[in-house]
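Accompanying notes for the structure given below.
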Amino acid sequence: MAEAAPVNAELLEWPKKDKRRLLHVVYRVGDLDRTIKFYTECFGMKLLRKRDVPEEKYSNAFLGYGPEESHFAVELTYNYGVSSYDIGTGFGHFAIATQDVYKMVEEIKAKGGTVTREPGPVKGGTTVIAFVKDPDGYIFELIQRGATPEPLCQVMLRVGDLERAIKFYEKVCFLVLHIDEILLLMCFPMILFPVKMQLAATLSV
Ligand SMILES: C[C@@H](O)C(=O)SC[C@H](NC(=O)CC[C@H](N)C(=O)O)C(=O)NCC(=O)O
Ligand SMILES: [Zn+2]
């Protein structure tokens, strides 16, 4: 698997000129407190804020690895009375960077979490990954990396046409970080923080 291109001087200069960044990703869950418990106990996230909007019959909770002013966050939405959702095939996974995937997987298993792909080198590459399913079925990839200020590092979405998606995302000021020919996989570095959009278009065989 192609490794990320070295961060060049232009990319390092970019954040000084452009302050845009991905703030959060919002998705629906069937039980807010169940997911908050799982993310705080198994992933080590912090509950940043919670709000209830009774007039619209929904509640929100924001979690992440630091304040929203400087960190990416997940925004969970609970719609009153809706206990489950069809996640579909377009959503791939979120990714959390950790210095020891094996240790984190054992801790998650001990807390009753579901591991859908045991730790080991990624197929076609060397990076150690694992996949964990959250209470609603959303998949989290655990990626072995050095220490980082932003462990919540990727959102993988499946796209029908990678070049079309690249052209669209470039218009909103992303930069291609690397393309992996095996998977036609591309990661976008966020302007200010190491949160990336990972787009995967499976090769048609
Ligand atoms: C770069 C890292 O964050 C990855 O997610 S690569 C993991 C790899 N992804 C795919 O194979 C994407 C294509 C697949 N057909 C899909 O649609 O998800 C993966 O899942 N590898 C499996 C493994 O066991 O290594
Ligand atoms: Zn991934």
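Brief remarks follow.
- Note on residue 103 and residue 158: the extension gain reaches 16.9 nm, defined as 0.36 nm multiplied by sequence separation minus the Cα-Cα distance.
- Sparsely packed loop sites in segment 112-157 (the trypsin sites (Lys or Arg not before Pro) outside DSSP H, G, I, E and B with at most 10 other Cβ atoms within 10 Å) comprise 123.
- Residues of type aspartates and glutamates that residue 37 reaches as a straight line, Cα spacing below 18 Å, ignoring anything fewer than 8 places off in the same chain: 52, 75, 106, 107, 134, 136
- In straight-distance terms, cross-link reach from residue 167 covers every one of the lysines whose alpha-carbon lies under 20 Å from its own, apart from those fewer than eight places away in the same chain; here that gives 196.
- Note on residue 12 and residue 37: their simple-model spin labels are 4.7 nm apart, each label 7 Å out from Cα toward Cβ.
- For residue 50 and residue 126, the difference between the fully extended length at 0.36 nm per residue and the C-alpha to C-alpha distance is 23.5 nm.
- Straight-line cross-link reach from residue 103 at under 16 Å between alpha-carbon atoms covers these aspartates and glutamates, not counting any fewer than eight positions away in the same chain: 41, 118, 141.
Each value in this text was obtained by applying a stated rule to the coordinates, not by laboratory testing. Computed from a predicted structure; not experimentally measured. For neighbour counting, all protein chains shown are included, and Cβ atoms are generated from backbone atoms with ideal geometry for every residue, glycine included.
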